[in-house]
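Novice: This is the structure, below, for whatever I ask next.
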Amino acid sequence: MTLVERGLGEPTVSLRGLLDGGRPPLAGRTDVRLQQYVDEILASGFPGIRRLPARARQAQLDGYLERIVDRDFEELGREVRRPATLRRWLEAYAAATATTTAYDKIRDAATGDHGTKPTKATTLPYRDILERLWLIDPVPAWLPTRSRLKRLASPSKHHLADPALAARLLGVDAEALLAGRTAGPHLPREGTLLGALFESLVTLCVRVCAEAASARVGHLRTWGGEREIDLIVERAGSIVGIEVKLGQTISDADVRHLRWLRDELGEAIRDTVVVTAGPAAYRRPDGIAVVPASLLGP
């Protein structure tokens with residue numbers, strides 16, 4: 001379930017409208033603040049789980065993960081000889097949320113000091129089966145077919161189907177997230193774990209809205225990492241670039257990649273957006289939209 005489907009707020013900004021172009025005026029305010037977004041990350045979007053008391057909800061999420069490791073792999077014809085190895089790989093994948101970390105590095109982080117490193121022949125099927133089970137749901141790289149953009153990288157950006165699953169795998173609660181504490185296997189990242197999980201929550205919502213608008217979603221990253229756009233929404237050549245920022249105030253530095261994308265693609269860009277945890281939807285003087293996550297809808 002998206003934030004709109006969870007009843008967190010009444011959306012005032014339509015993704016379909018942004019794709020239509022014209023840079024429509026924006027309005028709307030929300031009382032949703034950072035603590036509530038953290039609560040939504042941990043509650044999950046699973047209808048049968050999210051309204052349970054916290055301990056029962058955690059037990060249900062843990063049981064869901066255990067079932068995948070202990071039963072679902074075997075039902076899909078893949079025996080898991082070392083369930084602990086698969087569990088550690090999942091923890092490492094969760095730690096890589098919202099990054100393009102190479103799978104070799106995820107494998108290395110999962111191994112840690114637990115002995116012999118598993119082979120690629122062991123870990124590669126993890127990814128394939130977990131995608132078939134809709135547990136991991138990576139965002140593919142966006143590679144334009146006609147543009148002046150050069151040197152684009154093609155690795156997917158890592159996400160689980162719901163950020164609550166990542167939080168459970170890493171064993172973090174609201175206090176840990178708000179305090180900025182790290183958890184799980186160590187993997188390099190820019191920003192905090194909370195920022196990564198907030199991006200994952202927004203990604204979930206944008207993908208659902210994009211599907212309703214017959215659009216596809218990718219992400220953009222140049223080979224050297226000089227330019228990155230968290231989400232690229234495209235429909236029939238019309239493009240909306242989206243950055244996700246946890247902060248409530250947006251600076252020029254926060255939108256520099258969106259400005260670059262707009263300059264590179266010209267009229268193909270219908271709009272550029274920063275999705276935040278802030279209180280109000282508005283347009284900056286440079287035309288870039290700023291939209292609270294709870295106000296973005298189909």
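Novice: Sorted from fewest to most neighbouring beta carbons within 10 Å, what does the list Arg88, Arg71, Arg216 look like?
Specialist: Arg71, Arg216, Arg88
Novice: Something else now. Quick one: Glu264, Glu175, fewest Cβ neighbours within 10 Å first, how do they rank? Please report the intermediate quantities before stating the final value.
Specialist: Values: Glu264 15, Glu175 9.
In order of increasing Cβ crowding within 10 Å: Glu175, Glu264.
Novice: How many percent of DSSP beta bridges within the chain run antiparallel, rounded to 5?
Specialist: Taking every DSSP beta bridge with both residues in the chain, the antiparallel ones total about 55 percent.
Novice: If you don't mind, another one. Given the -39500 (n - 2.57) contribution per DSSP H run of 4+ residues, what per-residue ellipticity at 222 nm results for the chain, rounded to the nearest 500 deg cm²/dmol?
Specialist: -11000 deg cm²/dmol
Novice: Towards the positive end of the charge dipole of segment 1-83, with charges on Cβ (+1 Lys, Arg; -1 Asp, Glu), say which of Tyr37, Gly77, Gln58 has the farthest Cα.
Specialist: Tyr37
Novice: Separate question: With springs only between Cα atoms under 10 Å, which of Thr203, Thr276, Thr12 fluctuates most in a Gaussian network model of the chain?
Specialist: Thr12
Novice: Starting from a Cα-only point model with no solvent, please compute log10 I(q)/I(0) by Debye for segment 13-297 at q = 0.15 1/Å.
Specialist: -1.18
Novice: Can you give the extra length, in nm with one decimal, that the chain gains between Glu211 and Glu10 once fully stretched, where that is 0.36 nm per residue apart less the Cα-Cα distance?
Specialist: Going from the current span to full extension adds 70.4 nm.
Novice: Under the rule of at least 5 residues apart or a separate chain, name every residue whose amide H is placed under 5 Å from the amide H of Gly45.
Specialist: When sequence neighbours closer than 5 places are left aside, the close amide H contacts are Ala164.
Novice: Roughly how big is segment 46-192's charge dipole about its Cα centre, with Cβ charges of +1 (Lys, Arg) and -1 (Asp, Glu), in debye to the nearest 20?
Specialist: Dipole of segment 46-192, to the nearest 20 debye: 540 debye.
Novice: A further question on this structure: Taking amide hydrogens as modeled 1.01 Å from N in the peptide plane, which residues meet the under 5 Å criterion relative to Ile136, leaving out close sequence neighbours?
Specialist: Glu131, Ala161
Novice: State to the nearest 20 debye the size of the charge dipole of segment 13-297 about its Cα centre, where the only charges are +1 on K and R beta carbons and -1 on D and E beta carbons.
Specialist: 340
Novice: Just how many pairs of Lys in the chain have C-alpha atoms closer than 17 Å, counting pairs that are eight or more places apart or on different chains?
Specialist: 4
Novice: Go ahead and set up a Gaussian network model of the chain, Cα springs under 10 Å, then flag whichever of Ala54, Ala215, Ala43 fluctuates most.
Specialist: In this elastic network of the chain, the residue with the biggest mean-square fluctuation among Ala54, Ala215, Ala43 is Ala54.
Novice: Would you mind ranking His186, His159 by Cβ crowding within 10 Å, fewest neighbours first?
Specialist: Ranked by crowding around the Cβ, least crowded first: His186, His159.
Novice: Sticking with this structure for a sec: Would you mind putting 90-97, 132-139 in packing order, based on average other-beta-carbon counts within 10 Å, highest first?
Specialist: 90-97, 132-139
Novice: For a quick check: with amide H placed at 1.01 Å from N, whose amide H comes under 5 Å from Arg227's, ignoring anything fewer than 5 positions away on the same chain?
Specialist: Under 5 Å from the amide H of Arg227: Thr222.
Novice: Please give the Cα centre distance for segment 164-185 versus segment 187-255, rounded to the nearest Å.
Specialist: Taking the Cα centre of each part, segment 164-185 and segment 187-255 sit 21 Å apart.
Novice: Counting only the backbone N, which residues of segment 58-80 are under 17 Å from the spot 7 Å out from the Cα of Ala176 toward its beta-carbon?
Specialist: Zone members listed by number: 58-63, 65-66.
Novice: Then there is this: Positive end of the dipole of segment 13-297, charges at C-beta (+1 Lys, Arg; -1 Asp, Glu), about the Cα centre: which of Ile250, Pro185, Gly237 has its Cα farthest in that direction?
Specialist: Going by the Cα projections, it comes out as Gly237.
All of the numbers you see were taken from the coordinates with simple rules; none came from a lab. Note that the structure is predicted; figures quoted are calculated from it, not measured. Note: ideal-geometry Cβ built from the backbone for every residue, glycine included; neighbour counts use all protein chains shown.
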